[in-house]
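Visitor: This structure is in C-alpha cells; I'll ask about it shortly.
The values are calculated or read from the model by the stated rules, or taken from the named source; none is laboratory data. The shown structure was predicted, so the numbers you read here are calculated from the model rather than taken from an experiment. With ideal geometry, Cβ positions are generated from the backbone for all residues, glycine too; neighbour counts draw on all protein chains shown. In case anyone asks, the SASA skips ligands and DNA or RNA and just uses the protein heavy atoms, side chains included. Shrake-Rupley method; radii C 1.70, N 1.55, O 1.52, S 1.80 Å.
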Amino acid sequence: MEQKKKETARVYSQRQIAPGIYDMWIDTTLAQQARPGQFISVYTQDKSALLPRPISICEADTTNGRLRIVYRVAGKGTEEFSSYREGQRIDILGTLGNGFPLEAASGKRVFLMGGGIGIPPMLALAQAVTGAASVDVIAGYRDRALFLAEDLSKYAPVHIATEDGSVGTKGNVMNAIEAEKLEADVIYACGPMPMLRVIRDYAAKKGIPAYISLEERMACGVGACLGCVVKTRAVDHHSHVKNARICTDGPVYAAEDVDI
Amino acid sequence: MLNTEITIAGVTFKNPVMTASGTFGSGMEYSEFVDLNCLGAVVTKGVANVPWEGNPTPRVQETYGGMLNAIGLQNPGIDVFIERDIPFLRQYDTRIIVNVCGRSVSDYVEVVEKLSDQPVDMLEINVSCPNVQHGGIAFGQDPGCLFDITKEIRAKAKQPIIMKLSPNVTDIAEMARAAEAAGSDAVSLINTITGMKIDIHRRTFALANRTGGLSGPAIKPVAVRMVYQVANAVKIPVIGMGGIANAEDAIEFMLAGATGIAVGAMNFVNPYTTIEIVKGIEAYMRQYDIGNLTELIGAVR
C-alpha cells in the first residue's frame, strides 16, 4: 500500500553527469512504492528556503531501497542539493503524484519523449513498459552534453535531437521523429511546455493518445494548497472548476484533457 | 494532570492547535500524515456560495523565510462542501470551523445560512483575503464596512462567528473593536501580508496575480505584535496565527493574548507540524508545571 510520508533519507551517491545536471541516488524506504512518473519533494537544509523542491523519480532500485533523481541546478535549493556527498542526510516527501498509465502501452508501439530535464522520468518508464510491441526513446538536448542516453539505450533504441545539431537530428524531438520516420500508437512525454504543446498537436493529428507530465510552482505537494493547478477541459473532481491539481491529480495527464 | 482545553465562544477545544484556513484543505489531504483526532480544530479552506476557479498560475512563490500565495480562493462551493467535506470531517473527534468567503454580503449570507443546520462548530469569516478583486479584503480594510458585514452575518449565523482580520490596515485594533461591537464572537489574525516578488531575469511579476499574501516564519513577529494589540483592545477571544512553526511559537502567541493558535504555511514545510506542536505544548506545561493551559493566555509581563 502506497503511503505518502516525509522521512530523513541518506544520499548514497552523487555525481555531475552534464554541466549543471546532477545524478543522485538516495537510500530511502520510498523506493519500494515508487512508480514511473511520480516525484518526490526534496527539502533544503537552508531554513530560509521553506518549500520543498519537486523532483521527478528517474528510477527505483527496490533491491537496495534506493531512488535515483536527476535534476538541473536552477536556483539556490538545487544548488545546495548539488553539494551533497555520500552519507548526507536529506529530507524528502513522497512518493507524490500518480505516474504514467502503463496499461496504455500494452501491445502498442510506444514513444517515450523527453526534453532536457524531462528526460529522467523516461528511464523508469522505459524499464516498466515491458508489454509494449515496441519502444522508441526520443530525447531532446541543447547540445552535445548528453545525459542518461546510455542508460536509456539499455532498454530501447534512443533517438537524439540537439538544438545545435551537434548530435543526432538538429532541432527538437519532433524533428527527430520526422527525420527518422518513426511511428507510434501511444506517446509518453515530459519536457518544456512548448515541446508538450507540439506533441499534443502531433498526437491529435495522428489520432493517438499522448500522456504528458506537467510541472508548476508548488507548495504542499499533496493537494491541499491548490497552488499547482492546470486548466482542464472537464470539471475537476476536487474544486469543480476545471482546475486540476498537478501534484495529486497529475502530474501526468492525457494531452487532450488539459488546456496548456 | 495537564489540561490543554480552551474555550472560545462557548465551544470547548481539546487543545488550542488549529489549522489556518487554506493550508489544510478540508483535512483530507493531510489525514495521511496527521491524526486529525489530535487537533483542537480543523479550519477549512474558504468556501463560497458557488465554485470559484481562483487565479492563473503561478500562484505560489518562495521568499526568504516565507512564501507568497495568490490562489484566489479556488473552492468547490458550499453545496459540494456540505456533501463531501463535512461528512469527512465528522468522522473525527475534532472541532470543525468552516471558513466562509464571498464577493458580496449576500454571498456570505447564503453560505452562512446553508451551514446553519450543519454539524459545524464555528464559522470563520474571511474578510481579509488579499488575492480576490471584489469582496474579501474590501470588507476587511474599513472599520465601517467590517462592522456592517459582521452585524449582517451575526444576525444570520447559527454558529458562533470569528471575523478573520487583515494585517494590511493602519490600526488592526480598531478593526477588532469594530468586529466586536458588531457582535463577532471571536477574531482570528493575521491573514497574509500583501507582498510582491519580481523575476529579475524575465523582468516579470513572479506571481500571475502580481501581488500575493506573504506567510511563513518571516511574518511571525508582525503577527505576535498584532495579536498582542488586539487582545488588549477587545474582550472577545483571539485566535492567533502567522508563521507558527513549533510549540515555542504557539506559546509565544498565547502569551501575547491568543486563546487558540493556527498553523498555516508550515503545514507545507512539515506536514507533522500541528501534531508536534500539540506534543510540544504538553512538554512545556510539564517543564513549567502549568496545570491549565489557559493560564498562559495573555500572561506576558
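Visitor: Using only the alpha-carbon atoms of region A:102-213, report the extent along each of the three principal axes, biggest first, to the nearest angstrom.
Guide: Rounded to whole Å, the extents work out to 35, 30, 24 Å.
Visitor: Okay, next question. Only four residue types carry charge here, +1 at the Cβ of Lys and Arg and -1 at the Cβ of Asp and Glu. Report the dipole size of chain B about the Cα centre in Debye, rounded to the nearest 20.
Guide: Result for chain B is approximately 560 debye, rounded to the nearest 20.
Visitor: Residue A:25: net charge of surrounding residues, Cβ under 15 Å, Lys/Arg +1, Asp/Glu -1, itself excluded? Show your work: numbers first, answer last.
Guide: Values: positive: A:10, A:15, A:66, A:68, A:85, A:89; negative: A:23, A:27, A:59, A:61, A:86, A:151.
Overall, the nearby charge balance is 0.
Visitor: Just to be sure I understand: of the beta bridges DSSP finds with both ends in the protein assembly as shown, what percent are antiparallel, rounded to 5? Before the final figure, lay out each step's value.
Guide: Details: 54 of 103 bridges.
Around 50 percent antiparallel, to the nearest 5.
Visitor: May I pose another question? With θ taken as phi - 60° and the coefficients 6.51, -1.76 and 1.60, list the Karplus ³J(HN,Hα) couplings across region B:100-106 in order, rounded to whole Hz; mark glycine and proline as x.
Guide: Karplus values, whole Hz, x for Gly and Pro: 10, 10, x, 9, 9, 4, 5.
Visitor: Something else: To the nearest 0.05, what FRET efficiency results for residue B:279 and residue A:32 with a Förster distance of 30 Å applied to their C-beta separation? Spell out each step's value before the answer.
Guide: Values: r = 29 Å, r/R0 = 0.96.
About 0.55, to the nearest 0.05.
Visitor: Rg and Dmax of region A:47-112 over Cα atoms: what are they, in angstrom?
Guide: Computed over the Cα atoms of region A:47-112, radius of gyration and Dmax are 15.5, 49 Å.
Visitor: Give the distance, in whole Å, between the Cα centre of region A:84-135 and the Cα centre of region A:204-260.
Guide: After rounding, the separation between the Cα centres reads 18 Å.
Visitor: Direction-averaged shadow area of the convex hull around the Cα atoms of region A:126-185, nm²?
Guide: Working: hull surface 16.0 nm².
Averaging across all directions leaves 4.0 nm² for the Cα convex hull.
Visitor: May I pose another question? Which of rounded, prolate or oblate describes chain A when judged by the alpha-carbon gyration tensor and an a/c cut-off of 1.5? Display every interim value, and only then the final one.
Guide: Details: a/c = 1.59, a/b = 1.21, b/c = 1.31.
In terms of gyration-tensor shape, oblate.
Visitor: On the accessible surface of region B:57-194, probed at 1.4 Å, how many percent belong to carbon and sulfur atoms?
Guide: That share works out to 47 percent.
Visitor: Follow-up. Consider just the alpha-carbon atoms of region A:5-96 and return their Rg together with their Dmax, both in angstrom.
Guide: 11.9, 36
Visitor: Give the Cα extents of chain B along the principal axes, in whole Å, largest first.
Guide: Computed over the Cα atoms, the extents are 54, 47, 39 Å.
Visitor: After finding the eigenvalues of the alpha carbon gyration tensor for region A:1-54, what semi-axes result from the square roots of 5 times each, listed largest first in whole Å? Can you show the working numbers first?
Guide: Numbers: eigenvalues 79, 56, 26 Å².
Square roots of five times the eigenvalues give 20, 17, 11 Å.
Visitor: Give me the dipole magnitude in Debye, nearest 20, for region A:102-213 about the Cα centre, with unit charges on the beta carbon: positive for Lys and Arg, negative for Asp and Glu.
Guide: 200
Visitor: Arranged from highest to lowest average of other beta-carbon atoms within 10 Å per residue, in what order do the peptides B:189-200, B:95-106 appear? Show your work: numbers first, answer last.
Guide: Values: B:189-200: 19.7, B:95-106: 22.8.
Per-residue mean Cβ counts within 10 Å order the peptides as B:95-106, B:189-200.
Visitor: Sticking to Cα atoms, compute the Rg of region B:14-115 to one decimal and its Dmax as the biggest Cα-Cα distance, whole number, in Å.
Guide: Reported Rg and Dmax, both Å: 14.4, 41.
Visitor: May I ask for the distance between the Cα centers of region B:52-103 and region B:166-181, given as a whole number of Å?
Guide: Value for the Cα centre distance between the two parts: 24 Å.
Visitor: Determine the calculated [θ] at 222 nm for chain A from helices alone, applying -39500 (n - 2.57) to every DSSP H run no shorter than 4 residues and normalising by the residue count; nearest 500 deg cm²/dmol. Write down the numbers at each step before the final one.
Guide: Details: 5 runs with 41 residues, N = 260.
The helix-only estimate for chain A comes to -4500 deg cm²/dmol at 222 nm.
Visitor: Of A:107, A:54, B:274, whose Cα points farthest to the positive end of the dipole of the protein assembly as shown (charges on the beta-carbon: +1 Lys, Arg; -1 Asp, Glu; origin at the Cα centre)?
Guide: Of A:107, A:54, B:274, it is A:54.
Visitor: What pairs from A:181/A:231; B:164/B:235; A:47/B:197 go past 25 Å between their alpha carbons? Kindly include the intermediate steps, with their values, before the conclusion.
Guide: Values: A:181/A:231 33 Å; B:164/B:235 16 Å; A:47/B:197 19 Å.
Exceeds cut-off: A:181/A:231.
Visitor: Still on this structure: Averaged over peptide B:16-26, how many Cβ atoms belonging to another chain are found within 10 Å of each residue's Cβ?
Guide: Values: counts 0, 0, 0, 1, 0, 0, 3, 4, 3, 7, 1.
Mean partner shielding for this stretch: 2.
Visitor: May I ask you to rank A:238, B:201 by accessible area, largest first, using a 1.4 Å probe over the protein chains only? Working shown, then result.
Guide: On the way: A:238 30, B:201 165 Å².
Result of the area sort, largest leading: B:201, A:238.
Visitor: Another question about this same structure. Quick one: pull the percentage of alpha-carbon pairs in the protein assembly as shown with a separation above 36 Å. Can you show the working numbers first?
Guide: On the way: 58137 of 157080 pairs.
That tail contains 37 percent of the Cα-Cα pairs.
Visitor: May I have the extent of the alpha carbons of region A:175-260 along their three principal axes, as whole Å values ordered from largest to smallest?
Guide: 44, 22, 17
Visitor: Now for a different question. Using helices alone, I'd like the mean residue ellipticity at 222 nm for chain B: each DSSP H run of four-plus residues gives -39500 (n - 2.57), total over residue count, nearest 500.
Guide: Numbers: 9 runs with 84 residues, N = 301.
Taking each H run of at least 4 residues, the total per residue is -8000 deg cm²/dmol.
Visitor: I would also like to ask the following. To the nearest 100 Å², how much accessible surface do chains B and A cover up together, summed over both, with a 1.4 Å probe?
Guide: That pair of chains buries around 2800 Å² in total.
Visitor: Quick check for me: using +1 on Lys/Arg Cβ and -1 on Asp/Glu Cβ, what's the dipole size of chain A about its Cα centre, in debye to the nearest 20?
Guide: Its charge dipole is roughly 360 debye.
Visitor: Please report the antiparallel percentage of DSSP beta bridges with both residues in chain A, rounded to the nearest 5. Mind dumping the intermediate values first?
Guide: Numbers: 37 of 60 bridges.
Rounded to the nearest five, the antiparallel share is 60 percent.
Visitor: I've got another one for you. How shielded is A:44-52 by partner chains, expressed as the average number of their Cβ atoms within 10 Å of its Cβ atoms? The partial results should precede the final answer.
Guide: Values: counts 1, 0, 0, 4, 8, 5, 16, 10, 4.
Partner Cβ neighbours, averaged per residue: 5.
Visitor: Which positions within region B:49-81 get 40 Å² or more of their accessible surface covered by the other protein chains, compared to the chain by itself, with a 1.4 angstrom probe?
Guide: When all protein chains are present, B:53, B:57, B:59, B:60, B:62, B:64, B:74 each give up 40 Å² or more of accessible surface.
Visitor: Follow-up. Using the Cα centre of region A:138-260 as origin and beta-carbon charges of +1 (Lys, Arg) and -1 (Asp, Glu), tell me which of A:250, A:199, A:228 is placed farthest towards the positive end of the dipole.
Guide: A:228
Visitor: Would you work out what percent of the accessible area of region A:175-260, with all protein chains in place, is carbon or sulfur (probe 1.4 Å)? If you can, show how the numbers build up before the last one.
Guide: Working: 1760 of 3440 Å².
About 51 percent, which is the carbon plus sulfur part of the accessible surface.
Visitor: Right, something else. Could you work out the mean count of beta carbons from other protein chains within 10 Å of each residue's beta carbon in A:236-247? Could you put the intermediate results ahead of the total?
Guide: On the way: counts 4, 3, 8, 10, 10, 9, 2, 10, 0, 2, 1, 1.
If you average over the peptide's residues, the count of other-chain Cβ atoms is 5.
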